[in-house]
1. By how many degrees, between 0 and 90 and to the nearest 10, does the Cα long axis of helix B:67-77 differ from the longest principal axis of chain B?
2. What does the charge dipole of the protein assembly as shown about its Cα centre add up to, to the nearest 20 debye, if the Cβ of each Lys and Arg holds +1 and the Cβ of each Asp and Glu holds -1?
3. In whole angstrom, how far apart do the alpha carbon centroids of the range A:154-185 and the range A:61-115 sit?
4. Which of A:125, A:84 comes first, and how do the rest follow, when ranked by fewest Cβ neighbours within 10 Å?
5. Please name which of A:78, B:16, B:44 has its Cα lying farthest along the dipole of the protein assembly as shown towards the positive end, using unit charges on Cβ (Lys, Arg +1; Asp, Glu -1) and the Cα centre as origin.
6. Over all directions, average the projected area of the Cα convex hull of the range A:107-186 and note it in nm².
7. Across peptide A:179-189, how many C-beta atoms of other chains are within 10 Å of each residue C-beta, on average?
8. Could you give, in nm with one decimal, how far residue B:58 is from each other copy of that position, shortest first, with labels 7 Å out from Cα toward Cβ?
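Where a number appears in this text, it was derived from the coordinates with a stated rule and is not lab data. Since this is a predicted model, take the numbers as computed values, not measurements. Ideal geometry is used to build each Cβ from the backbone, glycine not excepted, and the neighbour counts take in all protein chains shown.
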Protein chains: 2
Amino acid sequence: MKREKISELTTNRLSVYLRCLNALLANSVATVSSQRLAEDFNLNSAQIRKDLAQFGEFGVRGVGYDVRALRDHLTVILGLDRPHRAAIIGAGNLGSALAGYYGWSASNFSVVGVFDTDPDKIGLHVGANAILVQPLENLSRVVEEEMIDVAVIAVPGAAAQSVLNTVMDAGIKAVLNFAPARLYPRFGVKIKTVDLTVSLETLSFFLARPAAPYVNQTGNGLATYSNKTNGDEHS
Amino acid sequence: MKREKISELTTNRLSVYLRCLNALLANSVATVSSQRLAEDFNLNSAQIRKDLAQFGEFGVRGVGYDVRALRDHLTVILGLDRPHRAAIIGAGNLGSALAGYYGWSASNFSVVGVFDTDPDKIGLHVGANAILVQPLENLSRVVEEEMIDVAVIAVPGAAAQSVLNTVMDAGIKAVLNFAPARLYPRFGVKIKTVDLTVSLETLSFFLARPAAPYVNQTGNGLATYSNKTNGDEHS
DNA sequence: CTCTGTGAAGTCATTCACAGCG
DNA sequence: CGCTGTGAATGACTTCACAGAG
């Protein structure tokens, strides 16, 4: 085991491994080899071993990995053993949907506040669990009171950097950004951008050249998490 | 110019370049050098030139690129000169929000149908523009009638592969997937997955190790589109 | 014998650096 | 001159292949 910097590609895969392990656990599988994991999920077995080896020696030679133990280790490594609390900025379509998204709890996240600057939105209750929309000015106070550690930016691109600044001023260090904009974080702040425009336009490019569309980097039809294109599959 | 396979990393950047060019055009900038583009948007100028050179010689030596002409070229290259029509599968929170998302039209997309299998959802009108939710069985017929070429999967992970099969049976070749699941496409079908679970868990990992969190690959605080971590910024 | 952990090799992407055009 | 287009150099990630533990 070496304590080096962990690349984002690795952390993305850790999340996938955790998902796989939970599925195996649900099927009462007690032990799994990197080979078996790789086959089931179209990854390279050496990559799985290398990824895991960065955090410790979890495997048993000749046997494989204990599913539950590895699951627990990954949960701790990913920081999912402690709850996270999120604020959503922007109470439009997307922000409201995210406020009621069922996927948060599986990763030990909860949405504890929705914020907007539009007076027409403030005071509304949005999402499946009807969270109150507060003025953005409240953010800093609520972040402290509610121990919020993650912000989700769901505002138009033009407003995104300004919102990010407000979010950083409130002391938040981790941001999930849905605005189609390049954002400049301060030192020590992590942003993850989900850019639907880029995704759509890449699909459009594919449709525009059906003959020789892409380099298929793996040839196995499931490039999703096994290579650096990061979230894209093609065959 | 060489006619080779184009990597996904390149197409993602093309989309970003197009966005930048539109912004310049809105500011009445007529000509731009790769140097200037690189500075404004924290990219490497050689990479911009290399990306563009794969499709033709658009620049003028000693001068730079004509903003409007390059914009028009990229629009055609990305296939955005022709309209695309999308179906959304899954009328839950996320699917409904996407049906009313304002970002579609900027890329010449329109949402022309929403589908679900839940009898309670069928017949409802969802999203900002109140699109009727139809039974998934209608998909194949509507795809043909409405010339749909893109599908958006917004269903729970467990149902995603089955929905993808239905979508592919209907003849759709490009899919945007929001389900947290690894999907197996058939040959000639392109899938782009937006996995919110992976994004959240990566943020959680960052928060769990504030000391030596990541390799910062560029050091400029805007790694977003300039490197292979693809959508992530950190400083 | 099986399967992990890992150095070495291979593949792919980015950046450098410059020849050459306008 | 300045800037593009591109070979060469560098760097990053993945895969191979095997020593060694159990």
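1. 40
2. Values: 44 positive and 44 negative charges, 314 e Å.
Roughly 1500 debye, rounded to the nearest 20.
3. 20
4. In increasing order of surrounding Cβ atoms, one gets A:125, A:84.
5. Final value for the positive-end residue is B:44.
6. So the Cα hull casts an average projection of 5.6 nm².
7. For this peptide, the per-residue mean of nearby foreign Cβ atoms is 5.
8. Once sorted, the set of distances for residue B:58 reads 4.4 nm.
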